[in-house]
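Comments concern the structure below.
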Amino acid sequence: MFSSFYAKYKPYYLDNLRLAMPIVVSQLGHTVVHLADSVIVGHFAGTIQLAAVSLVNSLFMLILVLGMGISYGLTPLIAQENGRKNYKECGRLLSNSLLINIMIGIFLYLLVHFGTLLVIDNLGQSPEVVAYAKPYLGYLSFSIIPLMIFQTFKQFAEGLGFTKQAMFISIWGNIINVILGIILVKGMFGIAPMGVKGVGVSTLVDRILMAIVMCIYVFNAKNFKIYLQNFKLTLIDKIRSIKILKIGAPVALQYSFEISAFSGAAILIGTIGAVEQAAHQVAINLASVTYMLASGIASAATIKTGNNLGKKNFLDLRRSAIASYHTVAVFMSITAVAFVCANHILPYIYTEDTAVISIAAQLLIIAGFFQLFDGTQVVGLGVLRGLGDVNIPTVITFVAYWVIGIPLGYLLGITLEMGVNGIWYGLTFGLLTASVMLFFRFQKRTKMLVAVPV
């Protein structure tokens, strides 16, 4: 029985993984930037500045995912038009997406720079932590603009199935970010130590370079010539812009509901203490690495689903999607075991503070339990996005995280005084809810498309 089951899905496993692996690496790049910031600051600047990184990343990621979510609106549309062999439409979609993303990048920069910097004083956080957080947040806010330009061309290329170049750019970008971050934070080669500000500067430089290189690649590669025939910024129109935003805006909300739940959790934990907040940063950084790997599998599922939908290959669409579910379930089960078995070892990547390590080790055991739910819910969102089904999944994510997850976390962690662990239990139940509800939505939508059992 197992051999026939595996034989049915084997071609889809291999096809999906070939597409997904470069996306996994490039998606991971965004998380590695913040992971590297945490590691560098944790080792060279101390616990208070690490807590500042935790606070800033919690706030900044909420803003960042709004921009990234909107940029993702391009990918399923490109995949669908490519499936229909409507190549000229791809260039027009790229023109509209680039303008939208630049405008969104500027808006988010202004929002962070003038909004969040004012709010940060009123979150009940340690004054020392806030003092270090402000300059770091200032540099990160400006990096949104080049990042949105990078995302535009990355999503365009990935929608067409070209995923490797963004991967290589992300790898080199992260190498530059780490080297420059260490130099600036520690103070080397005659440069005065900049502390947490140094990783802000290195992240900004990294994202500017990535945007420039990705843009040059798309406009010069022969593979894209046929798709860029109608790329002109003078061909901006309301219909295509709305079409992109109808997918991108709900996707942005989906990501923001989940990330904001974890940001809200970080703020709640910050009211408990700086050590707990630093431990949360360590554990959530590790969990976010595996999440971004799962997100890469989900992005590949979006592309394959959109492409098969454009070709009207509905049986392949469903089987490919189910294969993505299988893949992420296996992967996240492996990472769950790693988190549980190495829970006292992994925190040393970030810090040598024994108090922080002790709490982070407890959180990694909880993270091990929610790995499977986190992976399957993001793949469910990816498949539904490829189908153009984004509104109901957006409602599901809101209910899972903000009606169930955060209130339950507050009840357990603050009201019942279970502390940081209680807050994480609430988040885990929110992920479980999202995973189950999105799977039922996937089943309903894809079974409507195929009349044969799969």
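Taking into account only those residues within segment 70-87 that are crowded, with 24+ Cβ neighbours inside 10 Å and among the small types (G, A, S), which is farthest from G310 (Cα to Cα)? Restricting to residues being crowded, with 24+ Cβ neighbours inside 10 Å and among the small types (G, A, S), the top hit is S71.
Among residues of segment 422-451 that are under 21 Å from L387 (Cβ atoms), those with a Cβ under 8 angstrom from a residue that is of a type in the set (S, T, Y), sequence gap 6+ or separate chain, pair up as A434/T397; A434/Y401; S435/T376; L438/T376; F439/Y325; F439/T376. Filtering V213, V275 for residues that are within 30 Å of Q362 (Cβ to Cβ), open to solvent by 40 Å² or more (accessible area, probe 1.4 Å) and not basic (K, R) leaves a single hit, V275. Considering segment 327-337 alone, what residues qualify as being open to solvent by 50 Å² or more (accessible area, probe 1.4 Å) and touching a helix residue (DSSP H, G or I) at 6+ places or on another chain (Cβ under 8 Å)? Selection gives F331, S333, V337. In segment 229-258, the qualifying residues are those that are outside any helix (DSSP H, G or I) and open to solvent by 50 Å² or more (accessible area, probe 1.4 Å), and the one that is farthest from L62 (Cα to Cα) is Q229.
For every residue, the table says whether it meets (1) at pLDDT 90 or above; (2) assigned to a helix (DSSP H, G or I); (3) within 18 Å of the chain's Cα centre (by Cα).
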{"position": "L381", "(1), (2), (3)": "yes, yes, yes"}
{"position": "D389", "(1), (2), (3)": "no, no, no"}
{"position": "T394", "(1), (2), (3)": "yes, yes, yes"}
{"position": "I404", "(1), (2), (3)": "yes, yes, no"}
{"position": "E417", "(1), (2), (3)": "no, no, no"}
{"position": "F429", "(1), (2), (3)": "yes, yes, no"}
{"position": "K444", "(1), (2), (3)": "no, yes, no"}
{"position": "V452", "(1), (2), (3)": "no, no, no"}
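Collect the residues in segment 259-272 that are hydroxyl-bearing (S, T, Y) and crowded, with 18+ Cβ neighbours inside 10 Å, keeping them in residue-number order. Those that are hydroxyl-bearing (S, T, Y) and crowded, with 18+ Cβ neighbours inside 10 Å: S260, S263. When K225 is tested against (1) assigned to a helix (DSSP H, G or I); (2) closer than 30 Å to A367 by Cβ, just one condition goes unmet, and that condition is (2).
The values are calculated or read from the model by the stated rules, or taken from the named source; none is laboratory data. Every value quoted in this text rests on a predicted model; they were computed, and no experiment measured them. Please note: Cβ atoms are built from the backbone with ideal geometry, for glycine as well, and neighbour counts cover all protein chains shown. SASA here: full protein model, heavy atoms, side chains in, ligands and nucleic acids out. Shrake-Rupley method; radii C 1.70, N 1.55, O 1.52, S 1.80 Å.
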